[in-house]
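Only the coordinates and a few stated rules stand behind these numbers; no lab work does. Computed from a predicted structure; not experimentally measured. FYI the Cβ positions are ideal-geometry reconstructions off the backbone, even for glycines, and counts take in every protein chain you see.
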Amino acid sequence: MPELSKDSAQTGADATATPVQVKGRWRQLSLLGGTMLVDSTEASLVSSLFPLIRQSLGVSLGALGILTAAGKIAGAFTAPFWVWAAQRWSRKSVLVVATGLWGVWGVAAGFSQNFTQLLILYTILAAGYAAANPIITEITGDLFGSSSRGRAIGLVYGTISLVGAVIGPLKGQLAGVDEGWRWGLWGVGGFNVLLGIALLIWFRDPGRGAAEQQLADLDRTAREAVSKLTWAKVFSLLKIRSLVILLVSRLLSGHLLVATFGVVFLVDVHGFSTQLASVVILPFGVGYFLGTLLGGVAVDRVSRRNPRSGPVAVLQAAQFAFAVFAFFGTQFHYSSILVFGTFFALMGAAQGMNPSINRPMVMAITPPELRGAAFALYVSIAEAIAWAGYSLGAGFLADAVGLRVVFLWVLVVLMLVNGLFLTLLYRPYAADTARAKQELDTRRESALTDPR
C-alpha cells in the first residue's frame, strides 16, 4: 500500500472533505507569477511601442499583425512540445530554460536592423515563452485546491496586468528616447534571464495532484504513478465536450485584439500621441486586475454553491459585459483621454474576469496529468490561433477600412456571439465535472488498496 504523507493523519473520508493547503504555495506562486509577468511584458512591448518600430524600420500597420501572428503561431506549435518536455524531464527545468534564460532572444531582437530580423528573433522568443502559460497554470492547479483556484489564478493574472499597466506608460515614455524600443527589449530580456536563475535556485515543484483532496495525502510516488501521461489520454481530451466548447469559445474571443491594437487605435483613429495613448494601459490594467479578483471570488463562490452551472453563467456574463463596454468605448469619439481611459478600465475588468473563471473550469473537467496538455490546447493553440487570426486580419483590414470598423465587428459583434455560444456549455459542464470528480475518487481507492 502506498505510504501516506507525514503531514496527513486523516482518514480517507476526512482527506476528501478538508481543503488542501500545500506548503509554501504563495511563495512558489510569486516566483511563477513573476516569470509570467516578465514574459508578458516583453511580448506586449512590441505592440505598445509599434509606432516607434514602424518609424524606425519603415513598415506599415500590417507588420504589427504579422509580428503578433507569427509569435502566436510559433507558440501554438512549440507549447505542446514544452508540455511533453515537462513530462519527460521536469516542469522546473523547462520553465528555467524556456521562460527564463530564453530572454537572450529578446536581447538579440533589440539589435534588429530590419523587419525580417525582428520578425525572426521575435518569433523565436515567442516560441520559448509559449511554455509559460500551460505549465505555470498546471502547476497552479497543483498548488491550490478547487476551493481557492479561482482566487489564485485571478491574483496571478490580475497582478501581471496591474504591474504591466504601471509599466505601460513607462514603456510609452521610451518614445522620447532615440530607438527606445530597442532599450525596452534589452532591459526586459536581461531581467528575464535573472528570473530564470531565480527559478533554478528557489522554485520547488509540488508534484502533480498535490492539491487534490482525493490524492493529497498519498506520497508523491503514488500520485505520479496514477498520473502517467500517455498519448491515448491526450487525445481523450477531445472527447470532453465542455473542453471542446471552451476551445471554440476561445476562437471567438475577439477581446484579445485590444492588447495588440489598443494603443495604435487611439493614435491612428483619434489622433493621440503615442505617449498619451499609452496612458490608457494603466486604467485597462487596473480594471483587468480588479476583474480577475472579482472573477476569482465569483467562480470560487458559485463553484461551492452551484458547481454545475454557476461558473458557466459568470463566464457568459463577462462576454456580454465586454461587448457593451467596447461599443461605447470604441465607436464614439471623445476629446479627452480620460474618457477613453474609463472605458478601457471597464473593458479590462470584463476581460480580466475570464482567466480566473475559465482556467479553474478547465481544471475541474480534466485530471491533473492532462491539465498541461489541456492548457496547451486552450491557451497556446486555440488562443494563439484566435489572436494570430484577429491580429493578422485586423492589421490588413485596418489599412483598408479603418480600425474603428474592425473593432466594431471583432470587439462588439463577435463577443455577443461568443456569449450566446456559451449557452451550449451548461449541460455538458455539469456532467464533465461530475465525471472528473468520480475519476479522482476511483484513483484514491485504487491507490490505497494496491498491495504494492
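Could you work out the mean projected area of the convex hull around the alpha carbons of region 70-153, in square nanometres to one decimal? The directionally averaged projection comes out at 6.1 nm².
List the relative contact order of the chain as a percent without decimals, with contacts defined as Cα pairs under 8 Å and 6+ residues apart. The value is 28 percent.
Divide the volume of the convex hull around the Cα atoms of the chain by the residue count and you get 120 Å³ per residue. What the Cβ-Cβ distance of GLU445 and PHE111 gives, at R0 = 56 Å and to the nearest 0.05, is a FRET efficiency of 0.45.
Using the Cβ-Cβ distance between ARG88 and PHE332 with R0 = 35 Å, the FRET efficiency computed as 1/(1 + (r/R0)^6) comes to roughly 0.10. Classify region 90-198 from the C-alpha gyration tensor, please: rounded if a/c falls under 1.5, else prolate or oblate depending on whether a/b exceeds b/c. It is oblate, given that a/c is not under 1.5 and a/b is not larger than b/c.
For region 410-424, 3J(HN,Hα) computed residue by residue from phi via the Karplus equation (6.51, -1.76, 1.60; θ = phi - 60°) reads 8, 7, 10, 4, 5, 5, 5, 4, 4, x, 5, 4, 5, 4, 5 Hz, glycine and proline entered as x.
Note on TRP202/ARG301: beta-carbon distance plugged into 1/(1 + (r/R0)^6) with R0 of 35 Å gives a FRET efficiency of 0.60. Converting phi to 3J(HN,Hα) with the Karplus coefficients 6.51, -1.76 and 1.60 and the offset θ = phi - 60°, region 145-152 yields x, 4, 7, 9, 5, x, 5, 5 Hz in sequence order, with x at every glycine or proline. Structural size metrics of region 396-451, computed from C-alpha coordinates, are Rg and Dmax of 22.5, 69 Å.
Between ARG27 and LEU424, the simple label model (points 7 Å from Cα in the Cβ direction) yields a spacing of 4.6 nm. Its alpha carbons give region 227-339 an Rg and a Dmax of 18.7, 58 Å. All other residues whose Cβ lies under 9 angstrom from that of LYS92 are scored, Lys and Arg at +1 and Asp and Glu at -1, for a net of +1.
The peptide list 69-78, 426-435, 124-133, put in order of mean Cβ contacts within 10 Å with the highest first, becomes 124-133, 69-78, 426-435. Evaluated on region 299-354, the Kirkwood hydrodynamic radius is 12.4 Å, with distances taken between all distinct Cα atoms.
If the label point is 7 Å along Cα→Cβ of VAL405, which residues in region 315-341 have backbone nitrogen under 17 Å from it? Residues passing the 17 Å test: 331-332.
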